[in-house]
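Reviewing the structure listed below.
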Amino acid sequence: MNARLPEVAVRTFCALPLAFAVFASAAAGNAAEKNADEKGAADARALVMALHPEYCDADLSTRFDGLDVIAYPVVWNEADYQGAPVEHSGTLYQVNCYVGAYNLVVAFVMNTDDSDGGGLQPVSFAVPDFTLDYAEGDETRTQLAQAPVVNGFASEALLINPDFDPDTNTIWIFEKWRGLGDAYSAGKWTLENGRFVLKYYVIDPIYEANLDNPPEELSEQNFVLYDAGQGTAHRP
């Protein structure tokens, strides 16, 4: 390379107009993509604010760092009328609504790229509706009169402390019932056919930290309310 330095210099100089044109084109494309992303994020936040004004703080991202809208490109397959897989794509927006002492409330918005069904749509999530019955006289809330009863399923638009895995298109939550985290709900939803499908839901309704020396089995106790691998909700 050093032996032919003049030739290299001449070629580099001659290539400058083309290189600049390519750079300018790429820069313009990146700017357009950034503007589109920013508009999509702003539109997603506006939709969530309109749907949940009582739960969502419009100024949250300006008062707390790291709480801007997050955009995730997503891809999934759906079967056509003949059963052949058809690839679909879109953007999943995570809109942070409210932050408390130990929980972050979040809404999700999907924007699909389909020409016939595109546009921003709020995402809803199936969750078990259940009843808890603590033992009579149990002020520590560490004893249940019976196992939790699943009454059916409800739909939630807001999730607590969600974590989205773009590699598996899966959302996990860990909702603390109080700051100590000894009692909680946890769930898992996976994107299938353009919808997030409930796969797993578990609760730990035992507040063992209310006891001075809680037994280990009490600390580890939880109740699986739904497991798609078992094909049904869990009932006592």
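Quick note: the coordinates plus some simple rules give every number you see, no bench work behind them. Just so it is clear, the structure is predicted and the values come from calculations on it, not from any experiment. Don't worry about glycine lacking a Cβ; one is built from the backbone with ideal geometry, like all the others, and counts go over all protein chains shown.
Taking the Cα centre of segment 151-214 as the origin and placing charges on Cβ (Lys, Arg +1; Asp, Glu -1), which of Ala186, Asn169, Pro214 is farthest toward the positive end of the dipole?
Asn169
Once label points are set 7 Å from the Cα along Cα→Cβ at both Glu216 and Val99, what is their separation, rounded to one decimal in nm?
3.7 nm
Quick check: net charge around Ile171, other residues with Cβ under 13 Å of its Cβ, Lys/Arg +1 and Asp/Glu -1?
-3
Filter the chymotrypsin sites (Phe, Trp or Tyr not before Pro) in segment 44-103 to those in DSSP coil with at most 11 other Cβ atoms within 10 Å of their Cβ, and list the result.
Tyr81
Given a cut-off of under 8 Å on Cα pairs at least six residues apart, what relative contact order in percent is computed for segment 157-236?
19 percent
What GluC sites (Glu not before Pro) in segment 96-194 are in a loop by DSSP, with at most 13 other Cβ atoms within 10 Å of the Cβ?
Those satisfying the criteria are Glu136, Glu139.
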